[in-house]
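Below is one structure; the comments refer to it alone.
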Amino acid sequence: MTDQVTVLGLGPMGSALARALLDAGHPTTVWNRTPAKAESLASLGASVAPTAADAIDAAPLIVACLRDTTAVRTVLEPSMDRLAGKTVVNLTSTLPRQARDDARWLARTGSRHVDGAILTPTPTIGTAHALVLYAGDEAAYRSHQPVLAALGPGRFVGTEPGAASSLDTALLDLFWSSVGGLIHALALASAEGITPRDVAALAPLMLQVLPDMAARFAERVEAGHHPGDRSTITSAAANLDHVIELAAQHGLDQGALTALRDAARQAIAAGRGDDGLSHLVEVVATPGT
Ligand SMILES: NC(=O)c1ccc[n+]([C@@H]2O[C@H](COP(=O)([O-])OP(=O)(O)OC[C@H]3O[C@@H](n4cnc5c(N)ncnc54)[C@H](OP(=O)(O)O)[C@@H]3O)[C@@H](O)[C@H]2O)c1
C-alpha cells in the first residue's frame, strides 16, 4: 500500500493535518477551494492540485476536512466516478446520521468510507496529545493506519459509520454544558459583586470532582445501581433550588439549572430521592416518563 495521501480542505485543521503528514514524510497532495491557503504547504513539500478532481486522482487515501457535510458533498460529488477503489477518511465534523448517509453514498461510488472525529485542537495534531476517533470500514482504516498515525493517536470505535460522531457529540455535550456553566457562574458572581478572579481561583475545586464522577456514574449506570452513599437526589434538588433562586433574583436565565432540578424532582416524585445522582441519567434518558 502506497503512503500517498490527499488532503481536501486547508482551513486551520486541514492545514494542520497536511503539515503533520508532510512532517512524517508522506507524499501529500493538497487542494483548497481558495488556492492561496495552499502556498505555505507547497513550501513544505506538498503537491498542490489545481482541482479537487486532480487531488482525488493523486492518492488512494483521501482525507477530507471541510466546514461541514454540505461542503464535503459539494467537493466530492463532481468526482463520484473517480472515487472507486479509494478510501475516504472524512475528518469533517458530522452528525451521526450524516456519517451514515456518507457511508451509503460513498458505497455507491465503490469507495471505502471511514468517518473520523478530531477531539483535540489544531496545535495537538501530529503530536502524542492528539486524539482522533474513527468508525466505519475497519479494513480500510487498518490498511491506512500507518499513514493516519502521522496525525496523532487514533482510536477505532466501531464499524457503525456514525459511532465516532456519536461519541464525539456526547463529549461535546459535556464540553459545551460545562462552558455554559462557567459562563453562567461568572455572570452570577458578577451580579453578586464577586470578581471573576475569585471564582476562577476556586473553580478547580469544583471541576476536579468531575473526572471521578464520570467514572463512578458510568459504572453505576451500567450496573443499574445508584446508591446514595455520597449524596442524594433530594439533597441536590434543594441545592439547585438555591442557585436557581439567586439567578432568578438577578434576572439571569435559569434554563439549564431548572432542567436538572426538574429531573431531580421527577425522581423524588417516583420515590428515588434517596438514590445517588447517577440515577438522573436514567431520568434524563427517558423524557416524559
Ligand atoms: N479547528 C479545530 O480546532 C477543529 C477541531 C476539531 C474538529 N474540527 C473540524 O474540522 C473541520 C474543518 O475545520 P477548520 O478549523 O479547518 O475550519 P472550517 O472553517 O470549519 O473549514 C474551512 C475549510 O472548509 C472549506 N469550505 C467551506 N465551505 C466550502 C464549500 N462550500 N466548498 C468547498 N470548500 C469549503 C474552506 O475552504 P476556503 O478556504 O475556500 O473557505 C476551508 O478549506 C470542521 O468540520 C471542524 O468542525 C476543527
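Need one number: the % of Cα-Cα pairs in the stretch 1-132 sitting beyond the 27 Å mark.
Numbers: 965 of 8646 pairs.
Across the stretch 1-132, Cα pairs with separations above 27 Å total 11 percent.
Taking amide H as placed 1.01 Å from N in the peptide plane, the amide H of G154 sits under 5 Å from that of V132, each at least 5 places away or on another chain.
Using the Karplus relation 6.51 cos²θ - 1.76 cosθ + 1.60 with θ = phi - 60°, the per-residue 3J(HN,Hα) values for the stretch 74-85 come to 4, 7, 7, 4, x, 10, 3, 6, 9, 8, 3, x Hz, with x marking Gly and Pro.
Of all the options A20, A238, A215, the one that moves most in a Gaussian network model of the chain with Cα springs shorter than 10 angstrom is A215. The label point for T120 and the one for T74, both projected 7 Å from the Cα toward the Cβ, are 3.1 nm apart.
How large a share of the accessible area of the chain, in percent, is made up of carbon and sulfur atoms when the probe is 1.4 Å and the other protein chains stay in place? Present the calculation step by step, with values, prior to reporting the outcome.
Numbers: 8910 of 15210 Å².
For the chain, the apolar C and S fraction of the accessible surface comes to 59 percent.
Rounded to the nearest Hz, the phi-derived 3J(HN,Hα) couplings of the stretch 101-113 under the Karplus curve 6.51 cos²θ - 1.76 cosθ + 1.60 (θ = phi - 60°) are 4, 4, 4, 5, 5, 5, 4, 5, 8, x, 9, 9, 10, where x marks glycine and proline.
Result for the chain in a Gaussian network model with C-alpha springs under 10 Å: among M13, M206, M80, the largest mean-square fluctuation is at M206. The phi-based Karplus calculation (6.51 cos²θ - 1.76 cosθ + 1.60; θ = phi - 60°) puts the 3J(HN,Hα) values of the stretch 121-138 at x, 3, x, 7, 5, x, 10, 5, 8, 7, 8, 10, 8, 10, 8, x, 6, 5 Hz, whole numbers, x for Gly and Pro. Rounded to the nearest 500, the 222 nm mean residue ellipticity of the chain from helices alone is -16500 deg cm²/dmol, with -39,500 (n - 2.57) taken per DSSP H run of at least 4 residues.
The stretch 139-289: Rg/Rh from Cα coordinates, Kirkwood Rh?
Values: Rg = 19.4 Å, Rh = 18.3 Å.
On the Cα set of the stretch 139-289, Rg over Rh gives 1.06.
Taking the three principal axes of the alpha carbon atoms in the stretch 47-96, the coordinate ranges are 28, 22, 19 Å, sorted in descending order.
Each of the peptides 243-251, 95-103, 118-126 was scored by the mean count of other Cβ atoms within 10 Å over its residues; in descending order, highest first, they stand as 95-103, 118-126, 243-251. Annotation for the stretch 123-141 versus the stretch 1-63: alpha-carbon center distance of 17 Å.
Across all C-alpha atoms in the chain, the radius of gyration and Dmax reach 23.5, 67 Å.
Using only C-alpha atoms and all pairs of different ones, pull out the Kirkwood radius for the stretch 58-124 in Å with one decimal. Show your work: numbers first, answer last.
Values: mean 1/r = 0.0822 Å⁻¹.
Answer for the stretch 58-124: a Kirkwood hydrodynamic radius of 12.2 Å.
Solvent exposure of the chain, expressed per residue, is 53 Å² of accessible area, with all protein chains present and a 1.4 angstrom probe.
So which trypsin sites (Lys or Arg not before Pro) in the stretch 189-232 end up in coil per DSSP with only 13 or fewer other C-beta atoms within 10 Å?
Listed in order of number, the matching sites are R230.
The values are calculated or read from the model by the stated rules, or taken from the named source; none is laboratory data. Keep in mind the model is a prediction, meaning the values are calculated, not measured. With ideal geometry, Cβ positions are generated from the backbone for all residues, glycine too; neighbour counts draw on all protein chains shown. The protein model used for the area step is the full one, side chains on, heavy atoms only, and it has no ligands, DNA or RNA in it. Shrake-Rupley method; radii C 1.70, N 1.55, O 1.52, S 1.80 Å.
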